[in-house]
Amino acid sequence: MTQSIQAILFDLDGVITDTAEFHYQAWQTLADAEGLPFDRIANEKLRGVSRRESLGLILGGRTVPEPQIQEWLDRKNRHYQELLQTLSPADLLPGVAALLQEIREAGLGLAIVSASHNTPFVLARLGIAELFDAVIAGPEADAPAGKRRPKPAPDLFLLAAERLGCPPANCLVVEDAESGLIGARTAGMVTVGLGPEERVGIADLVLPNLHGVRLDELLYAGTWSVAEGQFAPARLHQWESALTIGGGASGTRGSFEERYPGDQPATLIHGLWDDVPVVYTELANAFDWTALDIWIDGQPFRMDRGRVTDYSRRLDLRTGELRRHLYWTPDSGATVELSFARIASLTDPHAFAQSVSVTPLVRPVDVRIRARIDGFAENESYLHWRELQPGRLGDVAYLTGLTRKTGKRLVEALQLVDSAPEPAGLAPVASSPLRYTDAPYNPGFEVEARLELNQTWALAKLVSIFTSRESEDPIAAALTHAAGLGREPYAALLAANKAAWAEFWATGDVVIEGDNLAQIATRHGLFQLRIAAPAHDERVSIAARSLSGFGYRGHAFWDTETFILPFFTYTQPNLARNLLMYRYHTLAGARRKAAGNHLEGAQYAWESAETGDEVTPRWVPGPQGEELVRIWCGDIELHITADVVYAIWQYWQITGDDEFMAGPGAQIVFETARYWESRVEPNRPKPGQYSISDVIGPDEYHDHVDNNAFTNGMVRWHLRMAIGLLSWLREQAAARAEELVGSLDLTPARLDHWDQIAANLVFNRDPQTGLIEQFDGFFARKEVDWPAYAVRTKSLQALLGIEGANEHQVLKQPDVLLLQVLFPDEYPLEELRVNWDYYAPRTDHTYGSSLGPAIHAWAACRLGDPAEAYTHFMRAALADIDDVRGNARDGIHAASSGGLWQALAFGFGGLRVTGDTYSVHPQLPKHWRRLAFRFTLRGQPHVVDLHQPTAQLEAANAT
Ligand code: G6P
Ligand code: MG
């Protein structure tokens, strides 16, 4: 379990016992005797700070001879030790004893990490010395490099982690001092701060003290981030996907700044399409804005050379910041500490920032840093760029180029600036002047410095990205923007991001108590959806793998409407509207597709890109890579046209956005209804009946089937909805109704025809049992010998072959069941049960479609089986952070993330909206203590807050 906390590291003074007060009194006594200015306020800065450094802070800039210093340090310590004599077990701070006990019982590692050399004595007086697996009592002179600097360095925490045998990312630290929290956070640990926000506000969780605090509460602090605990080259691509950052306009995979052999870095920008052979069009991989090289005494830093230790990466879901920390020892032996961080602004789609810092740990070193824009950015060996042109204007270096076929311009501009030295007050590093470098298609700046032992050099790289989609003159725009960015420190961008993310989480968060892994996965999924959702652009949509990988080439599928959109519709309606407007703006492509098939109206592309024209590749390499496989989805997977309409209708129901519905919404609903009217086949199988033959339903293991239940069920609903919509329009917006009737020829005869089709479209439902046949003849197909495939690591299609799967009753994902959960009023529970019993055991849950598990979770909840639902839910939840399907490398499973939200809200929460009101029917898994989320219904915010064991509901209007 990569995300679990395995050890808790406690600071001592001010956390376990109030010796912070004794330290203060001892300093005060010394200061009074020596006439040094000192008071409680000045003391706040000394928390967690070593004895010698504390004295330094008290003295301010004053220079005092070393023997005098030594005498004062000794005297302070004598005062302090006198005070300690009174210490007894009664001096454990409230809550500490119980908490330590609980941690022990839970079998977690337990350590003290204190700057105080008096720690062993204090622990003995408190009677708790035996409890800890490791005690770090101040810097140890003989500890290895990187394990002996005082806080705020991460050393003491890393030393404890090493002694506990626990990766830093799996440690949680409880501290009352900012210096300690900085160190722990740098080390990649989860942090809990005790005290006032001003002092400990950087912690993942802030508490006043440990009084009444349970272990659960501490561990919950780790649910706001995702960590890669140990570096494993085999998981390189999975983490590149899972650690993608972005701000709604672009996504940047979590590749290393300095690169790694075989890596797949990518920055994918909405709308930056280019034409390519075979797959028609794809998002061009933009120049790599993260590129950064570091040389230590002339040796280039690379994770696959030298030795890497104390590694961690953490993606902070509350700020959007990705951090990496490690120690690197080149062959020369001169170990350095390296810290990297990056953010994409959530408020300014053009702004990106990185920070890097280097600290020599064994001896002084020469460091050279080069920050670049890397123009050799390819899509799996295809370079989309021509006319690459590097340039420089003052402190700004930039690269511009055009996409090969579509001629879209991209500009990325960077500035490299010094960051404030950490901790504040240290002398800045004397570095060389910036040197512009123009390695081919890699403009940037280079700078060098000689670093003393333990001296930290921090730089920030600020990047502006513009394309010709947003600006007439993207070069000028990027240069101006970059100059402005250079005036803002990294910390300011980070703070702005934190505020913007707080706004998102205020409405978008789902709280799960009692299951931290489910909580982390859910937040990570929602984070990934948000960073892919355009806030100011209606001409793009969210792709199947969002902007986080090359899978499906940035194309939008029904994944957006059926799986992803409900989350936005219920919690971020403005973003939902943008995504639906994409379908409006691509209507022309949908009309062309219908016309190309000699049909009327508008037929949405199975895979859609810039124009809405069909871009599904007809042939793709097979699983073994050798033979080509014909992909029929673009030709005959039709249901997407109704899926888009369902999403529009749902958006309308939930938001009450009549203006959208009467305008773009109605346009889409009627044009697509006309498509179905022309597509159905009359008089089949009997006069008066209608069929839709030769299709693929959601279960893509079966192609060229007739009367797919999901497709026909959706079409039936679509046509009826369209009829109802026209009546509504006639009442609400007569002029608009007339306009549409005129332009789309919505005559009474035509509407009557729609009604006839809806009433007589083949739908294979057994009137006795309610069992629905997935398509004509499905029940006659062969049965799979399921026990023979119980243990496998491949899909049943891979094992049976494409034809083999086709011949069998094996589903890639729910088809009938999906239809039934989308229309709970049409399909009573008993019928859902009958169909579940038939189809769920015949579905490839583990290696079929990643879209399936969340839907099964939802359906199982409706059937009153949260335990069954939970198994499916976690399959969906772990698709990216645990790569349970083995294909996270291609990008985030965005539909699965959207499905998670539906499984939570509609499944476990049982949320059902009817008109202006809603109801909930909670079905929490046994170990979940609480499930809470918000949504907005017709402008009115609502909170759903569900608790175990009674799962009683506390639902109230949000304040
Ligand atoms: C802790 C306290 C500091 C103290 C330091 C060194 O971190 O918070 O106030 O200066 O330990 O303690 P020592 O007992 O070694 O002087
Ligand atoms: Mg402390």
### Query
Cα axis of helix 829-839 to longest principal axis of the chain: angle in degrees, 0 to 90, nearest 10?
80
### For region 78-155 and region 786-850, distance of Cα centres in Å
55
### Vicinal HN-Hα couplings computed from phi for region 43-58 (Karplus, 6.51 cos²θ - 1.76 cosθ + 1.60; Hz; Gly/Pro x)
5, 4, 6, 8, 4, x, 8, 4, 4, 5, 5, 4, 4, x, 5, 5
### Query
Can you work out the FRET efficiency for the pair GLU807 and GLU681, with r the C-beta to C-beta distance and R0 = 35 Å, to the nearest 0.05?
0.90
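Where does the chain land at 222 nm, in deg cm²/dmol rounded to the nearest 500, when only DSSP H runs of n ≥ 4 count, each adding -39500 (n - 2.57), divided by all residues?
The helix-only estimate for the chain comes to -10500 deg cm²/dmol at 222 nm.
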### Message
Over 5 Å intervals from 0, what percent of Cα-Cα pairs in region 205-344 sits in each interval?
### Response
2, 8, 15, 17, 16, 14, 10, 8, 5, 3, 1, 0, 0
### Message
Quick check: pseudo-label points 7 Å beyond the Cα along Cα→Cβ at SER743 and GLN389, how many nm apart are they?
### Response
4.0
### Nearest-10 value in Å² for the accessible area of ASP297, using the 1.4 Å probe
60
### Query
Based on the Cβ-Cβ distance of ASP694 and GLU380, what FRET efficiency does E = 1/(1 + (r/R0)^6) give at R0 = 35 Å, to the nearest 0.05?
0.60
### Task
Would you mind listing how long region 646-797 runs along its three principal axes, going by Cα atoms, in whole Å with the largest first?
63, 39, 28
### Query
So what's the net charge close to ASN764: Lys and Arg +1, Asp and Glu -1, counting the other residues with Cβ under 11 Å from its Cβ?
-3
### Message
Counting heavy atoms of the protein chains only and a 1.4 Å probe, report the per residue accessible area for region 772-835 as a whole number of Å².
### Response
44
## Note on the structure
Under 5 Å from the placed amide H of VAL113, counting only residues 5+ away or on other chains, we find PHE10, ASP11, LEU12, ILE136
### Query
Once you put a point 7 Å from the Cα of ARG765 and another 7 Å from the Cα of GLU470, both along the Cβ direction, what distance in nm separates them?
4.9
### Message
Per residue of region 661-666, what does 6.51 cos²θ - 1.76 cosθ + 1.60 with θ = phi - 60° give for ³J(HN,Hα)? Whole Hz please, x for Gly and Pro, Karplus curve as stated.
### Response
5, 5, x, x, x, 4
### Probe 1.4 Å, all protein chains present, accessible-area order of TYR646, TYR847, largest first
TYR847, TYR646
### Per residue value of the accessible surface for region 470-598 (all protein chains in place, 1.4 Å probe), Å²
32
### Query
Ignoring ligands and nucleic acids, what accessible area does SER850 show with a 1.4 Å probe (Å², nearest 10)?
20
### Query
Put +1 on the Cβ of every Lys and Arg and -1 on every Asp and Glu Cβ in the chain; which of TRP289, TRP273, GLY899 then has its Cα farthest towards the positive end of the dipole?
TRP289
### Task
Over the chain, with every protein chain in place, what whole percent of the accessible area is carbon and sulfur at 1.4 Å, could you tell me?
52
### Proximal charge balance of LEU911 [Cβ under 13 Å; K/R count +1, D/E count -1]
+2
### Message
With every protein chain left in place and a probe of 1.4 Å, what is the accessible surface of TRP652, to the nearest 10 Å²?
### Response
30
## Note on the structure
Taking PHE779, PHE445, PHE376 and ranking on accessible area (1.4 Å, protein atoms only), highest first, one gets PHE376, PHE779, PHE445
### Summary
As a Kirkwood estimate from alpha-carbon pairs, region 89-204 has a hydrodynamic radius in angstrom of 14.5
### Query
For the chain, what Kirkwood radius comes out of the mean inverse Cα-Cα distance, in Å?
30.3
## Note on the structure
Residues other than ASP509 with Cβ under 9 Å of its Cβ, Lys/Arg counted +1 and Asp/Glu -1, net out at +2
## Note on the structure
One point scatterer per Cα, no solvent, Debye formula: log10 I(q)/I(0) for region 1-129 at q = 0.22 Å⁻¹ comes out as -1.29
### Summary
With x for Gly and Pro, the residue-by-residue ³J(HN,Hα) of region 556-565, computed from phi through the Karplus equation 6.51 cos²θ - 1.76 cosθ + 1.60 at θ = phi - 60° and given in whole Hz, is 9, 10, 5, 3, 5, 6, 7, 10, 8, 4
### Message
Sequence gap at least 6, Cα distance under 8 Å: using those rules, report the relative contact order of the chain to the nearest whole percent.
### Response
9
### Task
Figure the gain on full extension for PHE823 and VAL791 (residue separation times 0.36 nm, minus the Cα-Cα span) and round it to one decimal in nm.
8.1 nm
### Task
Using the Cα centre as the reference, give the magnitude of the dipole from point charges on the C-beta atoms of the chain (Lys, Arg: +1; Asp, Glu: -1; all else neutral), rounded to the nearest 20 debye.
760
### Task
Starting from the Kirkwood radius over alpha-carbon pairs of region 153-196, derive D by Stokes-Einstein at 37 °C in a medium of 0.692 mPa s and give it in µm² s⁻¹.
325
### Message
At R0 = 56 Å, how high is the FRET efficiency between ALA595 and LEU453 if r is their beta carbon distance? Nearest 0.05 is fine.
### Response
0.15
## Note on the structure
Beyond 20 Å (Cα-Cα) in this structure, taken from LYS782/LYS812; LYS45/LYS151; LYS147/LYS461, we find LYS147/LYS461
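The values are calculated or read from the model by the stated rules, or taken from the named source; none is laboratory data. Computed from a predicted structure; not experimentally measured. Ideal geometry is used to build each Cβ from the backbone, glycine not excepted, and the neighbour counts take in all protein chains shown. We work out accessible area using only protein heavy atoms, side chains counted, and drop any ligands, DNA or RNA first. Shrake-Rupley method; radii C 1.70, N 1.55, O 1.52, S 1.80 Å.
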